[in-house]
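Quick note: the coordinates plus some simple rules give every number you see, no bench work behind them. This structure is a prediction, so every number in the text was calculated from the model and none was measured. Cβ sites come from the backbone with ideal geometry, for glycine too, and all protein chains shown count toward neighbours.
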Amino acid sequence: MRWMFLILLLFSVNAFSQWKDYKLNPQGDTLNRIDVINRKQGPWVNRYETVRGEPGYEEEGWYVHNRKDGEWRLFSLQGDLVGVEFYKWGLKDSVCRYYNKHGELRLEQRWKAINPDKLYDTLMIEDPDKFDTYRAVIIKNEGASLRHGLWKYFDSETGMVSKTESYVLGELEKAKSQSTAPTAKKEIAKPKEVLDFEKKNAGKKKVRVRDGSTGN
């Protein structure tokens with residue numbers, strides 16, 4: 001039994017030694033990892049306090065070589081899910097959705113990430129006049145995501161779409177406002193992301209982490 005304990009101890013020490021800095025959650029999992037060349041890696045929790053009237057929030061997601069990657073979830077400081085974003089190469093990509101404190105969708109955005117490792121990138125863009133027909137467009141890399149696709153704004157009273165904007169590679173093609181005349185508020189089903197979050201975290205308190213700095 002002693003040799004098994006020693007093996008587990010050596011494995012644990014080796015796992016932590018690859019990180020210059022990290023934190024531990026109550027389950028003993030490492031978070032907010034910094035590797036030996038100061039890059040963020042793996043699961044992270046970032047917290048932003050309220051500043052000049054702007055509400056604070058926390059975000060949880062994954063870093064790969066100092067860049068955000070995949071799904072990131074945003075929470076109010078009270079623990080409510082307020083947004084779900086997707087990243088590629090550290091830049092927003094695909095559909096990002098934002099919710100009010102009641103879990104209702106208030107904004108839906110679409111982004112296109114441009115590979116930051118390239119000076120120029122070639123993208124295939126659908127021809128609006130010909131179904132399922134695409135053309136190649138060469139884009140100079142400006143170091144940021146591009147608004148690309150349909151953006152939807154939702155009325156806070158009715159839950160209905162009040163405005164849409166259509167973008168192609170960062171350029172606004174058209175904007176359309178829709179009537180939001182006062183009506184009885186319609187019951188809107190909560191998005192799947194919100195329902196999944198509420199089901200998973202029902203009855204749980206907000207998770208805290210403790211510092212596990214190695215001192216380097």
request  = Return a whole-number percent for the relative contact order of segment 19-99, with Cα pairs under 8 Å and 6 or more residues apart as the contact set.
outcome  = 17 percent
message = Tell me the volume per residue, in Å³, of the convex hull enclosing the alpha carbons of segment 29-69.
response = 81 Å³
task = Grab the beta carbon distance between Glu58 and Asn38, set R0 = 25 Å, and tell me the FRET efficiency rounded to 0.05.
result = 0.65
task = Under 16 Å Cα to Cα from Lys101, which aspartates and glutamates show up? Leave out anything in the same chain fewer than 8 places away.
result = Glu54, Glu58, Glu59, Asp80, Asp155, Glu157, Glu187, Glu193, Asp196, Glu198
ask   = What number, in percent, do you get for the relative contact order of segment 127-175 if the mean sequence gap of Cα pairs under 8 Å and at least 6 apart is divided by its residue count?
value = 27 percent
task = Assuming a ≥ b ≥ c are the square roots of the Cα gyration tensor eigenvalues, decide whether segment 15-173 counts as rounded (a/c under 1.5), prolate (otherwise, with a/b larger than b/c) or oblate.
result = oblate
For segment 118-160, alpha-carbon Rg over 2.2 N^0.38 Å = 1.70
request  = Pull out a ≥ b ≥ c, the square roots of the eigenvalues of the alpha-carbon gyration tensor of segment 19-99, then state rounded if a/c is under 1.5, prolate if not and a/b is larger than b/c, and oblate in the remaining case.
outcome  = oblate
